[in-house]
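Reading through the structure tokens given below for one structure.
The values are calculated or read from the model by the stated rules, or taken from the named source; none is laboratory data. None of the values given here were measured: they were computed from a predicted structure. Reconstructed Cβ throughout: ideal geometry from the backbone, glycine too, with neighbour counts over all protein chains shown.
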């Protein structure tokens, strides 16, 4: 289930070829001399991109699962230990192999079904094993940054199947199975056999540009303004939809107008903070499933005067600054640092909490 990157085309090509370099935990300024003045008008570039990422649910068709289903022939009269199969449909999974979904009537009325089961042949047991389908779970996610602003929103869906342990059911997100289950939920024959369970969750950008299962609030308002012991070389407005939303300032520690060592960002109504690091990560959800979902976004790590970090999802600004580094890498070698990695997330069943899978090399 591909969630296409939502960055505008003007920066997408440049960004896809960016090499941010090694991940850095410290970004001390360098005294390398840059032979010419700041030449890339960032403000003009940023106006071409929204600062908040577009709604991933509405702008990525692959998130939207249509409700069209293909009904199969009835198989009335096939007996199960706990009812009669009134309909059966075969599925083929590239990950799990062949299996079957059975609609079972348990009340003696073949016009309705009271149970939905998944059955598949178990090679180890040398027999067909059936498990009850629990529900169709929908997880709606909303990214909220440390300034309280809404960023990316997206939805994931799973069919939960009884594993014998209520806390850890099997999770299937094969698209044709999801479509079929969507149809069963509204099927007039559905006699409380299966339902849709919706979970709304808030997540926030955090350390290393990962998303964390935390309900964020506007903590940026408490930030202490940063202290820059350097010469102000220039400043540019950051514009979104024709409106100024903040300002970027460029500083030279050496005092030379031909060198940029530090960049700060001040959103409207907030203190001036230093841009410490940029993250342009690819976020992959349920990477080991039949249909992993992913999207790319940009997250900025801001640091205040007390060296406290704040994280804001600002893809337009991230891509704009990254584009500057691509065009003039030596000029912004130490003032713009960042990383671009794949981050995998597991989803806990039922509640939909996300769990980043951190590579061992990050420790």
Checklist entry - If you take the residues in region 298-343 that are closer than 20 Å to residue 214 by Cβ and more than 17 Å from the chain's Cα centre (by Cα), which one is surrounded by the fewest Cβ atoms within 10 Å (Cβ to Cβ)? => result 308
Checklist entry - If you check residue 194 against the conditions, is it at pLDDT below 95, on the phi < 0 side of the Ramachandran plot and touching a strand residue (DSSP E or B) at 6+ places or on another chain (Cβ under 6 Å)? => result no
Checklist entry - In region 213-230, is there at least one residue being part of a strand (DSSP E or B) and either outside the structural domain of residue 105 (by TED's automatic domain parsing) or surrounded by 17 or more Cβ atoms within 10 Å (Cβ to Cβ) (or both)? => result no
Next on the checklist: Residues that are in contact with a helix residue (DSSP H, G or I) (Cβ under 9 Å, 6 or more places away or on another chain) and assigned by TED's automatic domain parsing to the domain that holds residue 323, at least 2 per element: which strands (runs of 3 or more DSSP E) completely within region 244-297 meet that?
Outcome noted: 262-267, 273-279, 293-296
Checklist entry - Can you tell me how many residues in region 156-205 are within 26 Å of residue 109 (Cβ to Cβ), surrounded by fewer than 21 Cβ atoms within 10 Å (Cβ to Cβ) and free of Cβ contacts under 8 Å to residues at least 40 places away in the same chain? => result 3
Checklist entry - Going by the conditions given, is residue 63 at pLDDT 50 or above, surrounded by 13 or more Cβ atoms within 10 Å (Cβ to Cβ), within 23 Å of residue 156 (Cβ to Cβ) and touching a strand residue (DSSP E or B) at 6+ places or on another chain (Cβ under 7 Å)? => result no
Next on the checklist: Among the residues in region 98-110, are any out of contact with any strand residue (DSSP E or B) (no Cβ under 8 Å at 6 or more places or on another chain) and over 20 Å from residue 192 (Cα atoms)?
Outcome noted: no
Next on the checklist: Whether any residue in region 344-352 is farther than 25 Å from residue 287 by Cβ and surrounded by fewer than 23 Cβ atoms within 10 Å (Cβ to Cβ) is what I want to check.
Outcome noted: no
Next on the checklist: I'm told residue 208 meets every condition in (1) crowded, with 19+ Cβ neighbours inside 10 Å; (2) more than 27 Å from the chain's Cα centre (by Cα); (3) not in a strand (DSSP E or B) except one. Can you identify the failing condition by its number?
Outcome noted: (2)
Checklist outcome for this item: Going through region 298-336 in order, the residues found to be assigned to a loop (DSSP other than H, G, I, E, B) and in contact with a strand residue (DSSP E or B) (Cβ under 6 Å, 6 or more places away or on another chain) are 304, 314, 335
Next on the checklist: Based on this model, can you work out whether residue 153 counts as over 14 Å from residue 286 (Cα atoms), touching a strand residue (DSSP E or B) at 6+ places or on another chain (Cβ under 6 Å), in a strand (DSSP E or B) and without any contact (Cβ under 8 Å) to a residue 24 or more places away in the chain?
Outcome noted: no
